[in-house]
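So the structure is just underneath, and the comments pick up after that.
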Amino acid sequence: MTHPSLYHYADKADVLAACERYWNPHKTRFWQQAGVPLVIGEREDYILRDMDGHALIDVHLNGGTYNLGHRNPELVATLVDALQRLDIGNHHFPAPGRAALAERLLETAPGMSRVAYGTSGSEAIDLAIKSARFATGRRIVVSIVKAYHGHTGLAVAAGDARFSRMFLSDRPDEFIQVPLNDIESMARVLRSHDVAAVIMETIPATYGFPMPVPGYLPEVKRLCEETGALYIADEVQTGLMRTGRLWAIEKHGFSPDILVTSKGLGGGIYPIGALLMTARVGAWLERDGFAHMSTFAGSELGCAVALKVLEITRRDSTRENIARNIRAFEQGLAEIRQRHGDWLKGIRQDGLIIGLEFADAEGAKPVMRELYQRGVWAIFSTLDPSVLQFKPGLLLGAGQVADILARTEDAIAASKPAGAGCAR
């Protein structure tokens, strides 16, 4: 169901027809043809309900936006309370919420000195690149092949051509890509160009969560220091305890020059993004604080929600629950792979960031359909559809984890190509 006083559509079919006519015809048709005719109605905890009543356990979470669940009661209460006194505020002026959130974020990242805000991960990435260019006086940005950093101007240029070329936003003279885990290519580019920054998702999400090999990211940072480039850690999808650490980059033993967060920072309740910067990178805020402006960035409502997100995420009880769930998914998925290893080719896991790799170039798509039919929503990786993105919520209970694993095994078994057997 949707709220009857807000919309005039009679049923799900009416909504689909209206979306195809007025909103996004290709995307609306795509999901129906993919066997996922989803129009989300009610949602709560980690459960989505289609308008037709079909219930789904959400392990897509919009890339971690719903880490703490849909309409988390504490976050809803925080927003409702804030609305009794606040609105978005005025981005030109100091505000208690902006100061408090910046202070809290900086507590989580030693070496960082300044925070700037955006309304989304993409906007924060744009500002990160602008800040790096200011600090270095250089223009070139290096990212990895199949990178994804968002869809705004500089962010989309740093990502895969799948998204940039259509809008004539690919800029190969300023944005160079090298393969993940190829340190020789990275070194060659950094040593032969005046690079402003290397931007890396700590684990590339839209590429299907390929894992950086041990030592790779620290060596990239060392090369940045050698050549005068800055290191931007894109933690939009990997941060906020998804790996069992608040920031995934912590596991690699170094501090970036810029760290970007968004998605889960707003809890799916109010959009907000932020970048944390060293004193050198954030020096533009001393010179001209009007150099970057965004009406809705760092809204007072968004700051209130984000402060509560950080408080919930950093609780001992949350950390303990995450650790239990990491172990449960590691064990459960390993057992599933033992039984279906001819089809489930690999498991890419760091904490609750999981990619399930199948033995077909588009193998994640039929698995996605079978999961949907069994009441689980997970999505294939856009830039590698052999991999299913699998991102369980941080607050799932043990019973929910067991239920997800059982349904996942059923879907994997049902999606196997004809003639495939069980692994021995």
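Throughout, read-outs are computed from the coordinates displayed, never taken from laboratory work. The model shown is predicted, which means the values in this text are computed figures rather than measured ones. Note that each Cβ is placed from the backbone with ideal geometry, even for glycine, and that neighbours are counted across all protein chains shown.
Brief remarks on what is shown
- Direction-averaged projected area, Cα convex hull, the range 74-314: 12.4 nm², rounded to one decimal.
- Computed from the C-alpha gyration tensor, the three semi-axes of the ellipsoid equivalent to the chain are 33, 27, 21 Å, from longest to shortest.
- Gyration tensor (alpha-carbon) shape descriptor, the range 136-244, a/c threshold 1.5: oblate
- Ordering ILE326, LEU395, PHE296 by the projection of their Cα atoms onto the charge dipole of the chain, which places +1 on the Cβ of Lys and Arg and -1 on the Cβ of Asp and Glu, puts ILE326 at the extreme positive end.
- Ordered by the number of other Cβ atoms lying within 10 Å of each residue's own Cβ, fewest first, THR119, THR78 fall into the sequence THR119, THR78.
- For the range 1-134, the convex hull spanned by the alpha carbon atoms encloses 196 Å³ per residue.
- Stretching the chain fully between GLU219 and GLU335 yields a gain of 38.3 nm (0.36 nm per residue, less the alpha carbon separation).
- Equivalent ellipsoid dimensions for the range 269-399 as semi-axes, Å, which come from the Cα gyration tensor, largest first: 37, 20, 15
- Remark: spin-label model distance HIS193-GLN33 equals 3.5 nm, labels positioned 7 Å along the Cα→Cβ axis.
- By the helix-only formula, in which each DSSP H run with n ≥ 4 contributes -39500 (n - 2.57) and the sum is divided by residues, the chain has a 222 nm mean residue ellipticity of -11500 deg cm²/dmol.
- Rounded if a/c under 1.5, otherwise prolate or oblate - the range 199-323, Cα gyration tensor axes: oblate
- Take the Cα of ASN62, step 7 Å toward its Cβ, do the same at VAL76, and the gap between the two points is 1.5 nm.
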